[in-house]
Amino acid sequence: MFAVKRSTVNKIIDTCPDFRLMKKALSAVRMKRIRGHYISTTDVIAGESSDEDKKRIVEKYTAEHRNELRSTYEMMDHIFKHAPQYRKRVNDDKLRTDLLFCRMAYGFQPDEYLCFDLEHQSYEERRNWISDWDRYIYIHSVNDVKDAQIFNNKVRTYEMFAPYYKRAAIGIKTKKDFQAFERFTNEYPQFVKKQVYEGMGRSVELMDLKQISALELFQDLIAKGEHIIEERIVQSNVMSELNPSSVNTVRCITINTKKGIKTPFCFLKVGRNGSFVDNGGAGGILTGIDPESGIVVTHGYDEFHREYVSHPETGILFKGFKLPQWDEMKRICREMAHKVPSVKCIGWDMAFTDQGWIIVEG
């Protein structure tokens, strides 16, 4: 459902005239819509000052915005079921109220609340963190809303940056694409499929035509929406040491500033044994990287804020692990960002292979 809605929004934006004022207005509407989910500053201060006021504010908001909070409730239930520190607190009404309050006051989803340890922080400390909502507002404020569509459709991203992928890929959408699909799968019987409007590793799967006919698989895929079919990435041995079943990647953030394109933030994503993807939402482990040296400088953490000094299956220590050809990876990301200067903030997922660094997606 999420992918369908996102594709509809993207199609509407695609039809928007390419006029600066029109695009700024559309970005402003999107930012206003996000800000509309926040409670007032008066209510934030009142809720932080009094548990009674906090409960009242949360009850009033949830009564008015029940549908908008559906994903928050689902994530909250997921965390209470799986996060070790919350399993015995499933009936803790005070904690649940504070989780919902932080969603309404600051835009933090329950997984952010958990990972930032917001339960034990003051109003001033909570304001130091950037929520996903804040991040979306920033992105909408600096990125050209129309040009950013390149990154909201994986097929368009591939078409724009194909030389940096260093692998074959095609998009499939309707029945007329079957011949292209058949040619592709004849050459690459083992391949990766992704829905073009999905993110966070959802819908990413390694496929093998030994297990299903090409026509049957094709019909199943297009029935679920537009897909991109890609040649499988084979990572280098140095990255396989972290976890061999997943393609372990670096997320490199580029920001186009008045002083040039900078790469101020990077982190490493490592999958778990048996998993093909490395995303946090799929059980992956995330670590911080020093953007200057390419050396991992933190322990690993998963989405339930469990800490890992080393990978639980391979035993590789996270802190001190050095990413190969680091300056070259940053150079490639800056070079790609230079091709779309109007999209000023971009996250690049990069994999290291025997061919060097390649883009997974942007």
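Listed by chain and number, the aspartates and glutamates whose alpha-carbon sits under 16 Å from that of residue 224, ignoring those within fewer than 8 places in the same chain, are 177, 198, 205, 216. Per residue of the chain, the DSSP helices (runs of n ≥ 4 H) give a summed -39500 (n - 2.57) that works out to -12500 deg cm²/dmol at 222 nm.
For region 269-362, averaging the sequence separation of C-alpha pairs within contact (under 8 Å, six or more residues apart) and dividing by the residue count gives a relative contact order of 16 percent. Summed over all non-identical Cα pairs, the Kirkwood treatment of the chain gives a radius of 22.4 Å. Quotient of the Cα radius of gyration of region 197-341 and 2.2 N^0.38 Å, N being its number of residues: 1.19. Once you keep just the Cα pairs under 8 angstrom separated by 6 or more residues, what percentage relative contact order results for the chain? Answer for the chain is 14 percent.
Distance distribution P(r), region 69-126, all Cα-Cα pairs, bin width 10 angstrom from 0: 23, 62, 14 percent. Taking a ≥ b ≥ c as the square roots of the eigenvalues of the Cα gyration tensor, region 66-191 is classed as prolate, since a/c reaches at least 1.5 and a/b is larger than b/c.
Karplus-based coupling profile of region 250-266, in residue order and whole Hz: 10, 8, 10, 9, 10, 10, 8, 10, 5, 9, x, 8, 10, 10, x, 9, 8, with θ = phi - 60° in 6.51 cos²θ - 1.76 cosθ + 1.60 and x standing for Gly or Pro. According to the Cα-based calculation, Rg over Rh for region 188-242 is 1.03, with Rh computed by the Kirkwood formula.
Just check region 143-190 against the gyration tensor rule for me: Cα atoms, a ≥ b ≥ c as the square roots of the eigenvalues, rounded for a/c under 1.5, and otherwise prolate or oblate depending on whether a/b exceeds b/c. Judged from the Cα gyration tensor, region 143-190 comes out oblate (a/c at least 1.5, b/c at or above a/b). Step through the table entries 94/193; 24/55; 193/344; 54/146; 175/344; 194/258, compare each Cα-Cα distance with 31 Å, and write down the pairs that go over it. In this structure, 94/193; 24/55; 54/146; 175/344; 194/258 lie more than 31 Å apart at Cα.
Throughout, read-outs are computed from the coordinates displayed, never taken from laboratory work. Here the structure is a predicted model, which means the values were calculated and not measured.
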